Ligand code: T46
């Protein structure tokens, strides 16, 4: 994938027309940066735009549009992160915000899925002063220095276990390929892989902890709720994205609830099966972790 800066007005207009979206900003009057998102084969995927609203205050507005054909393939995410990275690196912009109409469920889902949250009161004032019809939109913002490429994960540990983004390569119209390597992407090597399938909806499994075993769990298909408990908290996460994994590397009580029939849970484990590593009694688990 490639992000290519465009400066010729005709090319910009053509790009916008190509995505078949309505764009409500004036190209003539704004100091903007305009990029095309291109595939590896140089196919035009969509555009991103930085509208330099206020260089003095270091504030800019971000826009993105991707052709329908190329949605949900990772291009929008690539284009967005690359644009934000370049802007923070090459300009004095400190805050980048963007807006989504309240009824644009698809876009709202996209941004929330990637961990962006709506702007808080402090930032909304800055934006309110710059734009009309503030209330017609949901607003998002990132600040220079934010770990935005990992924002969904940066705040995410669950009951002391890491939530990781599994490397994932989208292929045009042919799905995605995700992978991780023992000792490289994980702090342990994988000696055993097992998977749990054909579980009816609503069924719970687990109800145990491990003493020494380290594992990565992910759900390549379907929807499974994982409930984890350490000495401090009991928290849950719904696994439904094949590129998200949870690493359990300390004694943690676990329960898994099948939210959808035919969901599959895959586990990469650091050790061979050892019945003596299991703690299947909850009180014993509490005692084991000193609670
Ligand atoms: C875990 C969660 C996420 C084996 O013989 N070899 C194996 O490698 C495994 C994992 C299990 N088994 C036997 C032991 C039991 O007789 O398979 C049977 C079912 O295992 P269990 O009731 O422990 O399954 P879950 O779903 O409750 O728990 C499993 C893993 O056992 C556990 O380590 O962390 O998944």
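Exactly one residue out of 257, 265, 226, 217 is within 11 Å of the ligand (Cβ to nearest atom), at pLDDT below 95, surrounded by 14 or more Cβ atoms within 10 Å (Cβ to Cβ) and under 25 Å from the mean Cα position of the chain (by Cα), and it is 226. Any residue that is touching a helix residue (DSSP H, G or I) at 6+ places or on another chain (Cβ under 8 Å), part of a loop (DSSP other than H, G, I, E, B) and within 28 Å of residue 183 (Cβ to Cβ) - is there at least one of those in the stretch 272-283? The answer is no; no qualifying residue exists. Does residue 64 satisfy the condition of being under 16 Å from residue 5 (Cβ atoms) and in a strand (DSSP E or B)? Answer is yes for this residue. Inside the stretch 81-105, residues that are in contact with a strand residue (DSSP E or B) (Cβ under 9 Å, 6 or more places away or on another chain) and under 22 Å from residue 136 (Cβ atoms) make up a count of 9.
Each residue in the stretch 179-209 was checked for being near the ligand (Cβ under 10 Å from one of its atoms), closer than 22 Å to residue 263 by Cβ and either at pLDDT 95 or above or out of contact with any strand residue (DSSP E or B) (no Cβ under 9 Å at 6 or more places or on another chain) (or both), and 10 of them qualify.
Among the residues of the stretch 231-254, the ones that are in contact (Cβ under 8 Å) with a residue 60 or more places away in the chain, in a loop (DSSP other than H, G, I, E, B) and within 14 Å of the ligand (Cβ to nearest atom) come to 3 in all. Summed over the stretch 278-291, residues that are crowded, with 16+ Cβ neighbours inside 10 Å and within 12 Å of the ligand (Cβ to nearest atom) total 1.
The values are calculated or read from the model by the stated rules, or taken from the named source; none is laboratory data. The structure presented is a predicted model; accordingly, all values stated were derived computationally and were not measured. FYI the Cβ positions are ideal-geometry reconstructions off the backbone, even for glycines, and counts take in every protein chain you see.
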